[in-house]
Amino acid sequence: MTSLTMSPFTVSLIQTATTLPIFLVALPAGALADIVDRRRLLIFTQVWMLMAALGLGIATLAGSVSPILLLFFVFVLSLGAAINGPAWQSIIPELVSREEMASAVTLGSVGFNIARAIGPALGGFIVSLVGPGFTFLLNAISFCGVVVVLKRWRRVPQESTLPAERLIGAMRTGLRYVRNAPPVKSVLIHTLIFSVFTCALWAFLPIVAREYLLLSSVGYGMLLGFFGSGALVGAYLLPKIRSRFSLNNIVAGTTILMALTIAGLATVRSFIIILGILAAGGMAWLILISVFSIAVQAVIPSWVRGRVLSVFMLVFFGGFAGGSMLWGALAVWVGIPHTLVGVAVLLLMGIVLTQKYKLPTGEDLDLTPVQQLPSYLAAKGITNEERPVLIVIDRKINQGEEANFLETVRPLKMLRLRDGAIRWNLFRDVTDPSHFIESFIVESWIEYLRQHERSTVSDREIEERVDAFHVSDVPPETHHYIAEQIIKGEADYTMQ
């Protein structure tokens, strides 16, 4: 862009064109990753990005590229990457065993950080040899390798007797799941704190290198290289660290190291010492990102994985974008060194604020789908998908067990809400304190059937623990009520 125009506004739009697609399509992309075949979606996005890179290369070689056309191709490339992201992350548990997932996630983080460290330097070297046009074409060719691997992957699709979810409904279901899944919310809070504060390192590193350390592009490349080498060390150490410490303790320790890295960037002016500081920062960065990714992947079932990961990406990149703007504005007033020191202090304070949000390990969960749809439900023959459904479950428990029952039923509430219920209540009989009725409403009959299909082994265990309080020889009675319109043409429903 700087070879086409020196307008600061136009040059800054490159970053906008790169990040805007993430905010526009992250949630729809996550929903698509869950309702269509992930392998086919990934092939589509890779071909999409291949064609965009090819078009940019051809336009550049033809000498017809303009600032507007460049922004268009950057936006299209980033749009493909944004749609690709949730599906790409979602296939990891399909490629490796549960025991290998942590290592696989870490390996993915290593690849990302190595690419981030050496990619720009390698790209600049190729541009200096053959020019930007051929470099763009080389980028297009690189997508072919990914397409070949995806074509050779024989993915086993998950079977379902129910119609696929609609896009808007799937997005709404995904957000409802996140809202009612405390382990996921804990990971998102940690991720937001991390991204908002650590983005300052990336925002100011080029300026620190040029203005304070007086480095050339080669020196800046060395800074990135040492950061990447630190990430490799972090990847090597992470399995050993995870075997000895809890995830929260790992995050606390590496966050302190990250804060010291940011403070060192603000105060140290020795190139050699800064290299060591950035190596330590790279190690902390890799461990933190890997821990957050491992934690969120460990607690989400396959049916909603793409949607949850899209929210995870949105929080991460949203924190980066918002934090960069905030710290950039602050640096205008107080200077970069003072801003970095302030960020380091706030990052340390974040350790205290996030201590109550325990990161999940998922070791006590079995997310294997049960998919046992009761035959009497499938045989109801109800085809209207738009009418709400009320489910009522009648339970009778022993007197004196009320407090234990209420404590046990708490996870059941979260289970119902995150798997599709839009309302949940527990009622006690005023004439018989040991008689309880659980009720919940789902949007439609087809959504209620999906709720059964989404059930995992761990979900069934929660239901069985609650049902164990029931003191009858027969299972708890379950009644289903379909909403009926009283007056035709009016959206006025009653349960009948």
Ratio of Rg to Rh over the range 57-176 (Cα coordinates, Kirkwood Rh, two decimals): 1.05
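In the structure displayed, which of Lys240/Lys356; Lys358/Lys413; Lys358/Lys396 lie more than 27 Å apart, Cα to Cα?
Values: Lys240/Lys356 25 Å; Lys358/Lys413 20 Å; Lys358/Lys396 35 Å.
Among Lys240/Lys356; Lys358/Lys413; Lys358/Lys396, the Cα-Cα distance tops 27 Å for Lys358/Lys396.
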Distance between modelled label sites at Arg465 and Thr2, nm, 7 Å Cα→Cβ extension: 5.8
Residues with amide H under 5 Å from that of Thr456, placed H, sequence gap 5 or more: Val370
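Please return the longest range in the chain lying between exposed loop sites, taking GluC sites (Glu not before Pro), DSSP loop only, at most 16 other beta-carbon atoms within 10 Å, and leaving the sites out.
Details: sites that count: Glu159, Glu363, Glu385, Glu386, Glu401, Glu490.
In short, 160-362.
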Cα-based helix-to-principal-axis angle, 336-353 vs the chain, degrees rounded to 10: 20
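Starting from the Cα gyration tensor of the range 1-79, take the square roots of the eigenvalues, sort them a ≥ b ≥ c, and report rounded, prolate or oblate (rounded when a/c is under 1.5, otherwise prolate if a/b is larger than b/c, else oblate).
Numbers: a/c = 5.01, a/b = 1.70, b/c = 2.94.
Here the range 1-79 falls in the oblate category.
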Anchor Lys185: aspartates and glutamates whose Cα lies under 16 Å away (excluding residues fewer than 8 positions away in-chain): Asp419
In nm, spacing of pseudo-spin labels at Gln399 and Ile273 (7 Å Cα→C-beta vector): 7.6
In nm, spacing of pseudo-spin labels at Arg155 and Glu100 (7 Å Cα→C-beta vector): 1.8
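State the percentage of accessible surface on the chain attributable to carbon and sulfur atoms; use a 1.4 Å probe and exclude ligands, DNA and RNA. List each step's numbers first, then the result.
Values: 15980 of 24570 Å².
Ligands and nucleic acids excluded, carbon and sulfur give 65 percent.
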Whole-Hz couplings from phi, Karplus 6.51/-1.76/1.60, listed for the range 154-160; x for Gly and Pro: 9, 6, 8, x, 7, 7, 8
Cα gyration tensor shape for the range 185-248, rounded if a/c is under 1.5, else prolate or oblate: oblate
Positive-pole candidate from Ala87, Asn113, Trp153, dipole of the range 65-166, charges at beta carbon: Trp153
Coordinate range along principal axes, alpha carbons of the chain, Å, largest first: 80, 49, 43
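On average, how much accessible surface per residue is there in the chain, in Å², for a 1.4 Å probe, leaving out ligands, DNA and RNA? Provide the component values of the computation, followed by the final result.
Working: 24570 Å² over 496 residues.
Accessible surface, normalised per residue, equals 50 Å².
Using the beta-carbon distance between Arg116 and Ala62 and R0 = 30 Å, what value does 1/(1 + (r/R0)^6) give for FRET efficiency, to the nearest 0.05?
Numbers: r = 31 Å, r/R0 = 1.02.
The pair Arg116/Ala62 has a calculated efficiency of 0.45.
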Acute angle (nearest 10 degrees) that the helix 8-35 long axis makes with the longest principal axis of the chain, alpha-carbon atoms: 30
Whole-Hz couplings from phi, Karplus 6.51/-1.76/1.60, listed for the range 70-84; x for Gly and Pro: 5, 4, 4, 5, 5, 5, 5, 4, 5, 5, x, 5, 5, 6, 5
Whole-Hz couplings from phi, Karplus 6.51/-1.76/1.60, listed for the range 466-477; x for Gly and Pro: 5, 5, 5, 6, 5, 10, 9, 6, 9, x, x, 6
Tilt relative to the chain, helix 402-418 - C-alpha long axis, 0 to 90 degrees, to 10: 50
Global geometry of the range 216-333, whether rounded, prolate or oblate, following the gyration tensor of its Cα atoms and the 1.5 cut on a/c: oblate
Modelled label reach - Val457, point 7 Å along Cα→Cβ, the range 237-258 residues with backbone N closer than 18 Å: none
Residues whose placed amide H lies under 5 Å from that of Ile422, excluding near-sequence neighbours: Ile441, Val442, Glu443
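The values are calculated or read from the model by the stated rules, or taken from the named source; none is laboratory data. All values reported here derive from a predicted model rather than from experimental measurement. Note that we place each Cβ from the backbone using ideal geometry, even for glycine, and neighbour counts take in every protein chain shown. Areas reflect the complete protein model, heavy atoms only, side chains present, ligands, DNA and RNA absent. Shrake-Rupley method; radii C 1.70, N 1.55, O 1.52, S 1.80 Å.
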